[in-house]
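Below: one structure, written as structure tokens.
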2 protein chains.
Amino acid sequence: MGLVVQKYGGSSVADAEGIKRVAKRIVEAKKNGNQVVVVVSAMGDTTDELIDLAEQVSPIPAGRELDMLLTAGERISMALLAMAIKNLGHEAQSFTGSQAGVITDSVHNKARIIDVTPGRIRTALDEGNICIVAGFQGVSQDKKDITTLGRGGSDTTAVALAAALDAEVCEIYTDVDGVFTADPRVVKKARKIDWISFEDMLELASSGSKVLLHRCVEYARRYNIPIHVRSSFSGLQGTWVSSEPVAQKTQQQGETKVEQAIISGVAHDTSEAKITVVGVPDKPGEAASIFRAIADAEINIDMVVQNVSAASTGLTDISFTLPKSEGRKAIDALEKAKTAIGFDSLRYDDQIGKISLVGAGMKTNPGVTADFFTALSDAGVNIELISTSEIRISVVTRKDDVPEAVRAVHTAFGLDSESDEAVVYGGTGR
Amino acid sequence: MGLVVQKYGGSSVADAEGIKRVAKRIVEAKKNGNQVVVVVSAMGDTTDELIDLAEQVSPIPAGRELDMLLTAGERISMALLAMAIKNLGHEAQSFTGSQAGVITDSVHNKARIIDVTPGRIRTALDEGNICIVAGFQGVSQDKKDITTLGRGGSDTTAVALAAALDAEVCEIYTDVDGVFTADPRVVKKARKIDWISFEDMLELASSGSKVLLHRCVEYARRYNIPIHVRSSFSGLQGTWVSSEPVAQKTQQQGETKVEQAIISGVAHDTSEAKITVVGVPDKPGEAASIFRAIADAEINIDMVVQNVSAASTGLTDISFTLPKSEGRKAIDALEKAKTAIGFDSLRYDDQIGKISLVGAGMKTNPGVTADFFTALSDAGVNIELISTSEIRISVVTRKDDVPEAVRAVHTAFGLDSESDEAVVYGGTGR
């Protein structure tokens, strides 16, 4: 008998009807002979509504109390889901993160999982129960306080539980059919990816793809837990994320081998801004002091580029990108260090976008970079910054150019599907 | 430094404004030099809304899961309240029933408190925190499952914590000014009671007064914890419930002795029905077999009366009252035992009401009973059943006669206030 971990996002359990629909799907998995553990997010917009309430009573809600508040959301959805399953004649029990043994550090609102000790889950499974576990939450190791894992935390809960329980697969149910070769809202001809490696998925996630979060995929890679991203509405095969191009099993078809594509997909991100530090003396240690100031303010930066210095002045410009939300903090930190660093001025630009091409195949296909730039050039898109990894090329362009650039690249690399697909696309909850 | 336990009902924390108002009141108590523990109910109608959701996914929600669901309500209110207090510059931490050490039996939806081990509360208090504790909930001793205490459970949580922490007083904040000599919605001239003994309060609670629940008062009496019922809106002195007529302290006036009145108040209850078992053979054991059938169905009955048997037939009638909600079950149980018991028929009547006069003074004032019946008779109210304890007389009348009967008795015993008071009266939450 296999053990399956399923995770359902907030949009899948947004109301009583959604909960009953999900309950039926869970019971199907149980009937297929599996032990089933389900991780569930809060219903629909519950989390946002609770945050709104918190802000009404306190402009800066205390972290410990905000976690106590937000964890009420999964408590509601998990209890309702357990009831709905029991109503279908199957045994089910719900467990909080703490009861499920999700042990975290004490960093409220973005705690990290330290350990998972699912003793109560094991026992309940062995007694024939379907176990419903609250996503997104845990209990701190030292203080025994309730913690939350931050955005996307429910996916991480699911993968962590799958690892601790040695599950066969972690199924992430969402409101899209899987991971796509590009955002279907931008590229109508985007195709669902059947299989993608952990590495490519990690690059897509850190390049703007929102279906799976980086740390969830990272966790799955570390423990080698196959993830199956699929729709809670359609019941179709979705996207497998795993170390090897595993054979997909479908109930109708038996097994099909999946080849690894050269290019997995095109991601884009318009949530970043660019800061340019103008007139930096071109001597050793200057860049270090700039990024020390940024790091001290606990700001994560993404891409960095330093221009060739003008021979006449001995001065250069350094540009970097960072989340828009950190823009104000970064400017303040640099202004404070202006005299010590010795630059002329700062330029802030939030009208940028990033386009990334991801695929392990580019390691052995040297033409990829050239084709990428040609496609952008043919589309009339100007490139402002470039950054590459072994399996990714990213460029920064004007924000307004992003949709056209993504479509051009998608077409150039033969990723377009033959038919326009009707795709439902939205948020995936926590 | 004294330790005060305060309890706020759902109507006091119905929205963000209410929570902020309550936070100010709590901070006042802290500023007055007290250690403060606050027990809070779920916001406004949260509990009812959650029950409604549960019924949408399952007609008979599982007890364990219903408790998991409902306890989300206090989690929300307590976290918000702690945030609001911190926003006023005071340290506060919220605790679930489990974290606060409220240990119960495993009877879901109406668990009983077995023990309270408030170690974490003690520590947090000693560190200078105001502690906010979820009312209505606990954790089962054997299975470590989340439990709820049933209606009025938050008051019981407050009294139990007050006992375990050896508090000076348990303040129950509600949306009325205290305990009244009668329901102010029925008797405009009802007066707020300044002090009432545990015994009289117990009788009022079991006779239909809804301000405090019987088991909360019972708990307070057992551990001799004075309860102060007062309005969270007005800030006025409310009603003290304690063993001795303690001197009331008011900030302006110093101390005032309170005399025990002969009569504490008039309670009424229209939530009961009457079942009459007609044509019961008048021989030993008949009544026992009737009430054994009722007890086996786990139905609590209230008043019982057996008519004098008619000499001609040797048959008698037995009537008893019980909650309307149990009526169907009782009828079924009796019908099933009809042959064994040997009665003619059953009559069910839910158009009845009960009026009770409560006061320890009636022990030493033999005229009370006569005055009570005279008042009812003068008001033209017909009496159907009578039951008495040492400090209470109750009668059953037609439901429609109840308001007039209550007013007549209230006036006859000199309980009317001199002026019409403006009284806010409503539900008190859990």
> Within the range A:206-246, which residues are aliphatic (A, V, I, L, M), part of a loop (DSSP other than H, G, I, E, B) and closer than 15 Å to A:Gly152 by Cβ?
Replying inline: A:Val211, A:Leu212, A:Leu213
> Of B:Gly44, B:Gly33, which residue is over 20 Å from the mean Cα position of the chain (by Cα) and surrounded by fewer than 22 Cβ atoms within 10 Å (Cβ to Cβ)?
Replying inline: B:Gly33
> For the range B:57-77, does any single residue satisfy the condition of being at negative phi and open to solvent by 40 Å² or more (accessible area, probe 1.4 Å)?
Replying inline: yes
>> Out of everything in the range A:81-96 that is in contact with a helix residue (DSSP H, G or I) (Cβ under 7 Å, 6 or more places away or on another chain) and either part of a loop (DSSP other than H, G, I, E, B) or surrounded by fewer than 21 Cβ atoms within 10 Å (Cβ to Cβ) (or both), what residue ends up being farthest from the other protein chains (Cβ to nearest Cβ)?
In response: A:His90
> Failed condition for A:Leu53, given (1) over 30 Å from A:Lys24 (Cβ atoms); (2) more than 7 Å from chain B (Cβ to nearest Cβ); (3) open to solvent by 30 Å² or more (accessible area, probe 1.4 Å), with all others met?
Replying inline: (2)
> Which pairs do you get when a residue that is at negative phi and in the same structural domain as B:Leu80 (by TED's automatic domain parsing), found in the range B:43-55, comes within reach of a residue that is among the basic types (Lys, Arg) and open to solvent by less than 30 Å² (accessible area, probe 1.4 Å), reach meaning Cβ atoms under 9 angstrom, with the pair 6+ apart or on two chains?
Replying inline: B:Thr47/B:Arg430
> Does at least one position in the range B:150-161 carry a residue that is part of a strand (DSSP E or B) and either touching a Lys or Arg at 6+ places or on another chain (Cβ under 6 Å) or not polar (S, T, N, Q) (or both)?
Replying inline: no
> Within the range B:13-41, can you find the residues that are away from chain A (no Cβ under 11 Å) and outside any helix (DSSP H, G or I)?
Replying inline: B:Ala14, B:Asn32, B:Gly33, B:Asn34, B:Gln35, B:Val36, B:Val37, B:Val38, B:Val39, B:Val40, B:Ser41
> Could you list, in sequence order, the residues of the range A:374-398 that are in a helix (DSSP H, G or I) and surrounded by 16 or more Cβ atoms within 10 Å (Cβ to Cβ)?
Replying inline: A:Ala375, A:Leu376
> In the range A:147-176, which residues are of a type in the set (D, E, K, R) and surrounded by fewer than 22 Cβ atoms within 10 Å (Cβ to Cβ)?
Replying inline: A:Arg151, A:Asp166, A:Glu168, A:Asp175
> What number of residues within the range B:402-430 satisfy the criterion of being within 16 Å of B:Gly208 (Cα to Cα) and either among the hydrophobic types (A, V, I, L, M, F, W, C) or at pLDDT 95 or above (or both)?
Replying inline: 7
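The values are calculated or read from the model by the stated rules, or taken from the named source; none is laboratory data. Owing to the predicted nature of the structure, the values given are computational and were not obtained by experimental measurement. Here Cβ is always computed from backbone atoms with ideal geometry, including for glycine, and neighbour counts include all displayed protein chains. Surface areas here come from the heavy atoms of the whole protein model, side chains and all, with no ligands, DNA or RNA. Shrake-Rupley method; radii C 1.70, N 1.55, O 1.52, S 1.80 Å.
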